[in-house]
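To start, the structure under review is shown below, and the notes come after it.
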Amino acid sequence: DSLNAAILGPDAAPGTPTFDLFVKEVHREMTVKCGQKCTAIRRIIVPEKWVEDVQLALSARLAKTVIGDPQQEGVRMGALANKQQQEEVRKRVAILQQDAEIVYGDPAKVDITGGNPEKGAFFSPVVFLNSDPFRKKNTHEVEAFGPVSTIMPYGDLPEAIELANMGKGSLVSTVAT
């Protein structure tokens, strides 16, 4: 697995168009195809002073994301590929929880519009916070192939680069600056 990263530059302060675009893009990457694509963002690397701002802005966008049957009006995120994939994502989330705290979502519960929760493999978006990403390394090694991503802080640009490189070689990285 390679764990793709999105890095928020130190100049992209909350309230700037760059910050807003960064949050919008992370949200999109988490929810398109229910986060089941090889290029989805798994690691959200942000200046430590803006961790809470990113967490709140991303959570607000995710809270407005309607999950369920894509044929229903207003639904923006469907189900995972199948029940087996749903169980696999749950297992990976449990491993990630050993090193990081969930700051948005519930892997055991999801509200859906249309669709059948017993038949469909619906899964809530989950955002983790790994407050010590240089020591707690599951974030860089375990991929939950679904709508799951982890926010982690950096102090300066060399740290951001080091964190990005810890992801086993990304297919893509997004840098917003």
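The structure-derived value of Cα extents along the principal axes in Å appears in the list (1) 47, 32, 25; (2) 120, 32, 30; (3) 68, 36, 31 under the label (1). Are there any trypsin sites (Lys or Arg not before Pro) in the stretch 1-78 that are in a DSSP loop and have at most 15 other Cβ atoms within 10 Å? List them by number. Hits after loop and neighbour filter: 37, 64, 76.
Taken about its Cα centre, the chain carries a charge dipole of roughly 480 debye when the Cβ of each Lys and Arg holds +1 and the Cβ of each Asp and Glu holds -1. Judged by the gyration tensor of its Cα atoms, with axes a ≥ b ≥ c, the stretch 76-177 is prolate; a/c meets the 1.5 cut and a/b is the larger of a/b and b/c.
Using 0.36 nm per residue of separation minus the Cα-Cα distance, give me the extension gain between residue 101 and residue 32 in nm, one decimal.
Numbers: separation 69, 0.36 × 69 = 24.84 nm, distance 2.34 nm.
Once the chain is fully extended between residue 101 and residue 32, it gains 22.5 nm.
Compute the distance from the alpha-carbon center of the stretch 111-177 to that of the stretch 35-74, in whole Å. So the separation of the two Cα centres works out to 10 Å.
Farthest towards the positive end of the charge dipole of the chain, among the residues 112, 22, 139, is the Cα of 112, using unit charges on the Cβ of Lys, Arg, Asp and Glu. Entry note, the stretch 1-65: relative contact order of 46 percent, from Cα contacts under 8 Å with a spacing of 6+ residues. Applying the criteria of a DSSP loop state and at most 14 other Cβ atoms within 10 Å to the trypsin sites (Lys or Arg not before Pro) of the stretch 90-138 yields 109, 119, 135, 137. With the simple model of a label 7 Å out from the Cα in the direction of the Cβ, residue 137 to residue 76 spans 3.7 nm.
Within the chain, what whole-number % of the accessible surface is contributed by carbon and sulfur, with the 1.4 Å probe and all protein chains included in the calculation? Answer for the chain is 49 percent, counting heavy atoms of protein chains only. With respect to the cross-link table entries 37/136; 37/119; 49/109; 33/109; 83/136; 64/136, which display a Cα-Cα separation exceeding 27 Å? Listed pairs above 27 Å: 49/109; 83/136; 64/136.
Along the chain, the longest continuous region that contains none of the GluC sites (Glu not before Pro) in a DSSP loop with at most 16 other C-beta atoms within 10 Å is 1-72.
The values are calculated or read from the model by the stated rules, or taken from the named source; none is laboratory data. Computed from a predicted model, the values in this text were never measured in an experiment. Heads up, the Cβs are rebuilt from the backbone with ideal geometry, glycines too, and the neighbour counts pull from every protein chain shown. We work out accessible area using only protein heavy atoms, side chains counted, and drop any ligands, DNA or RNA first. Shrake-Rupley method; radii C 1.70, N 1.55, O 1.52, S 1.80 Å.
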